[in-house]
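No lab work stands behind these numbers, since they all come straight from the coordinates. Note that the coordinates shown come from a computational prediction; the quantities given were computed from them, not determined experimentally. Glycine gets a Cβ as well: all are built from the backbone with ideal geometry, and neighbour counts include every protein chain shown.
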Amino acid sequence: MTTTAAELDLIRAKARFSREETVRLIQIAKVGHYASSFSCAEILATLYYGVMRLKRGEPDWPDRDRFLFGKGHAAAALYPLLVDWGFFEKDVLDEYTRLGNPLGDHPDMSRVPGIDFSSGSLGHALSAGLGMALGGRLQGRDFRVFVLLGDGELHEGQVWEAAMSSAHHRARNLIAIVDRNEYSLDGRVDDVIGIEPLVGKWRSFGWETREVDGHDVTELLDTLRDLVDDEMRQQPAVVVARTVKGKGVSFMETELGWHLGYLVPEDEERALDEIRARA
Amino acid sequence: MTATVMHEGSWHLHSVLDQSPGLRALSDTLSELVDEGYPVVACTADLKYSNGLFRFQERHSERFLQFGISEQNMVSAAAGLATTGERPYVATFASFLALLCCEQIRTDVAYPGLPVRLIGHHSGITLGFYGTSHHATEDLAIMRAIAGLAVVAPADGPQLAAALRATADHPGPVYFRIGRGRDPEVYDSAVDFVLGRAIAHGSGSDLTILATGSTVHPALAAAARLRDDCYSVGVLDVHTVKPLDTSAVLEAAASSRILMSVEEHNVLGGLGGAVAEVIADSGAGVRLHRHGIPDEYALIGPPTHLYAHYRLDADGIEAEARELLA
């Protein structure tokens, strides 16, 4: 499929929308994961507006592509997109995290239409995604399963159990994306526990690998479309997306500590101005 | 070159199943369910000979999934499979399933209410000399504390088969606690299984023994001997530890002078704990003796020797009961 300028503009606009809404939601909750949400805004927008097969207003459509959010603490970046797809009402979003609201810091399939699998405890999502991919294959359905993993999440051993068995079972309908934003809570991921050589690790586990700039929507879209369209590919595929934690808000890109935080009103205005100013 | 011959007493993996009718029931029932159109997927973690699922694989290889030695991955993947409409049956040693995979069971399976069946085999101290890593004397307590998870401990192969069938359409997850498949049979193939409804084997004004899983058979034998001695003794097969049959427990509490729970499990938190909760909540002033493995790590040794040591065989249960009744 050829990529058009209109598609790219749409994806960029949705990424901007995701960031703006993240700021608004965290304002309601009074604490949230800004930086982790911002690093994956383009990835989410590309998947939801350029790659995944979805039906507006039908979150349970059996043939839909599945999305699993391994790094579920960035759910605030996704909820607005699910509202935009008509999976639930905006007034639910406006009550984000308030008593009894279905939307929490981590996505919950039991409460939120459009969430294909719950997450929160890191390391489970790739396994669950493998199960979905195998289920689709058993049923002769051709849906694809996308799993977004954090780079810190790769410290979890279960990820590599899943990586090994996905390759063994040739789960070609399973595509993982690593949000390589380089930071976890205690600092640089590679200072906490080194994960490089990252691409080599996945390749040695039997996965088809790609590496992209995770904020370049052209590159993201082309790469993901190539992978899903490649009929010859027999193995599961992973896209290592090099990203910037806090991307889009300059002081979050440079200052540590915005993994979890809450902006004062002046900074919130600065942040929104910067987000809106991005093309 | 002549083929080697293993001693008949050894645990040759392929032949172990011939001595384990209880495990044959697992494979055969799951195979039959596939034949009848159920979307069963049998999952194993490098233990297909230990749990007999290789027999299922021989009949339905397309519905058999091998995960290798990655139990947590297997449980989470089963949850993913269940979201697509498949009915995964995940089998591994009870110690690995209930302890190693506790979080995957709680968060990925039970919380979303997915219809995954968790088969914890070789539970309790059936793996005898393999040691504490392979003993599961905490699984009932752990699984029981997980909301939305049914906990079932069949007494033998026929009851396991009946339980698998009776729960085939159960909308939520089920944990099955089974032994090594060598339990002497209590029931025949006509046994009826209703989730959450205990089976009464007589009632007793002196004593009701509440047993589950592997302790049902020896409890019945012990009760028969006590009756020969003119004691009035009933046995309640509490095959479903959760949801507990509270009315059967309260009936026993009302009709018996003493209750005794017997389980191949730590005395804390399992069947005895569940029964104690019901009795305390109801205000029934009946004495309950919780018999099982004391709150310590079991010795190693052959299973039958361990049962004798912990008074979980018929002689031991009888002796324990006589001390109570004296």
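With springs only between Cα atoms under 10 Å, which of B:A280, B:A150, B:A224 fluctuates most in a Gaussian network model of chain B?
Judging by the Gaussian network model, the answer is B:A280.
What is the ratio of the Cα radius of gyration of chain B to 2.2 N^0.38 Å, where N is its residue count, to two decimals?
0.97
Sort B:T83, B:T212, A:T254 so the one with the fewest other Cβ atoms within 10 Å of its own Cβ comes first.
Ascending Cβ contact count within 10 Å gives the list A:T254, B:T83, B:T212.
Please report A:M132, A:M109 as a ranked list, fewest other C-beta atoms within 10 angstrom at the top and most at the bottom.
By the 10 Å Cβ count, ascending, the order reads A:M109, A:M132.
Is there a pair in A:K55/A:K201; A:K30/A:K55; A:K14/A:K247; A:K71/B:K242; A:K71/A:K245; A:K71/A:K247 whose C-alpha atoms are over 25 Å apart, and which pairs would that be?
Beyond 25 Å between Cα atoms: A:K55/A:K201; A:K30/A:K55; A:K71/B:K242.
So for chain A, averaging the separation of alpha carbon pairs under 8 Å that are six or more residues apart and normalising by length, what relative contact order in percent results?
Result for chain A is 23 percent.
Counting Lys and Arg as +1 and Asp and Glu as -1, what is the net charge of the other residues whose Cβ lies under 14 Å from the Cβ of B:D313?
Local net charge: -3.
Would you work out the relative contact order for chain B, in percent, from Cα pairs under 8 angstrom that are 6 or more residues apart?
Reported relative contact order: 15 percent.
Can you tell me how the stretch A:50-197 classifies by the Cα gyration tensor, rounded, prolate or oblate, using a/c under 1.5 as the rounded cut?
oblate
Quick one: which residues, 5 or more positions from B:T92 or on another chain, have an amide H under 5 Å from its amide H? H modelled 1.01 Å from N in the peptide plane, none for Pro or chain starts.
Hits under the 5 Å cutoff: B:I119, B:H121.
Which ³J(HN,Hα) values in Hz, rounded to whole numbers, follow from the phi angles of the stretch A:162-175 under the Karplus curve 6.51 cos²θ - 1.76 cosθ + 1.60, where θ = phi - 60° and Gly and Pro get x?
Per-residue couplings from phi come out as 5, 4, 5, 6, 5, 5, 4, 8, 6, 7, 6, 8, 10, 10 Hz.
Given the options B:I178, B:I142, B:I119, which has the most mean-square fluctuation in a GNM of chain B, springs set between C-alpha atoms less than 10 angstrom apart?
Maximum among the listed residues: B:I142.
If you average the sequence gap of Cα pairs under 8 Å that are 6 or more apart and divide by the length of the stretch B:13-177, what percent do you get for the contact order?
Taking the mean separation of contacting Cα pairs over the length of the stretch B:13-177, I get 23 percent.
Which of these, B:N51, B:N73, B:N266, has the largest mean-square fluctuation under a Gaussian network model of chain B (Cα springs below 10 Å)?
Looking only at B:N51, B:N73, B:N266, the largest GNM fluctuation is found for B:N73.
For chain B, what is the percent of antiparallel DSSP beta bridges, rounded to the nearest 5?
That works out to approximately 15 percent antiparallel.
Please list, in order along the stretch A:16-28, the HN-Hα scalar couplings obtained from phi with the Karplus expression 6.51 cos²θ - 1.76 cosθ + 1.60 (θ = phi - 60°), rounded to whole Hz, x for Gly and Pro.
Once θ is set to phi - 60°, the couplings for the stretch A:16-28 become 5, 4, 4, 5, 4, 5, 4, 4, 5, 5, 5, 4, 6 Hz.
Rounded if a/c is under 1.5, else prolate if a/b is larger than b/c, else oblate: which is the stretch B:199-325, with a ≥ b ≥ c the root eigenvalues of its Cα gyration tensor?
Oblate, since a/c reaches 1.5 and b/c is not below a/b.
Only bridges with both residues in the stretch A:5-277 count here: give the DSSP antiparallel percent, nearest 5.
In the stretch A:5-277, approximately 10 percent of DSSP beta bridges are antiparallel ones.
Rounded if a/c is under 1.5, else prolate if a/b beats b/c, else oblate: with a ≥ b ≥ c from the C-alpha gyration tensor eigenvalues square-rooted, which is the stretch B:30-171?
rounded
What list of ³J(HN,Hα) values in whole Hz, one per residue of the stretch A:199-213 in order, does the Karplus curve 6.51 cos²θ - 1.76 cosθ + 1.60 (θ = phi - 60°) give from phi, with Gly and Pro shown as x?
4, x, 4, 4, 4, 5, 7, x, 9, 6, 10, 9, 10, 9, 7
Order these by the 10 Å Cβ neighbour count, fewest first: A:R19, A:R111.
A:R111, A:R19
Inside 10 Å of the C-beta atoms of A:107-117, what's the mean count of C-beta atoms belonging to other chains?
Averaged over the peptide's residues, the number is 2.
Would you report the distance distribution of C-alpha pairs in the protein assembly as shown as whole percents per 20 angstrom bin, up to the bin with the largest distance?
Once binned at 20 Å, the Cα pair distances of the protein assembly as shown give 20, 44, 28, 8, 0.
Given H placed 1.01 Å from N in the peptide plane, which residues other than close sequence neighbours of B:V151 have an amide H under 5 Å from its amide H?
B:Y175, B:V241, B:K242
For B:I258, list long-range residues whose amide hydrogen, built 1.01 Å from N in the peptide plane, is under 5 Å from its own amide hydrogen.
Hits under the 5 Å cutoff: B:L207, B:T208.
Tell me which DSSP H helices of chain B clear both cut-offs, 15 Å or more of axial length from alpha-carbon atoms and a mean Kyte-Doolittle hydropathy of at least 0.5.
Membrane-span-like by this criterion, though nothing is claimed about a membrane: B:271-282.
Thinking of the stretch A:1-103 as a set of Cα atoms, what percent of all their pairs are more than 15 Å apart?
So the portion of pairs separated by more than 15 Å is 63 percent.
Consider all pairwise Cα distances in the stretch A:5-277 and report the whole-number % of them above 34 Å.
Within the stretch A:5-277, distances greater than 34 Å cover 12 percent of Cα pairs.
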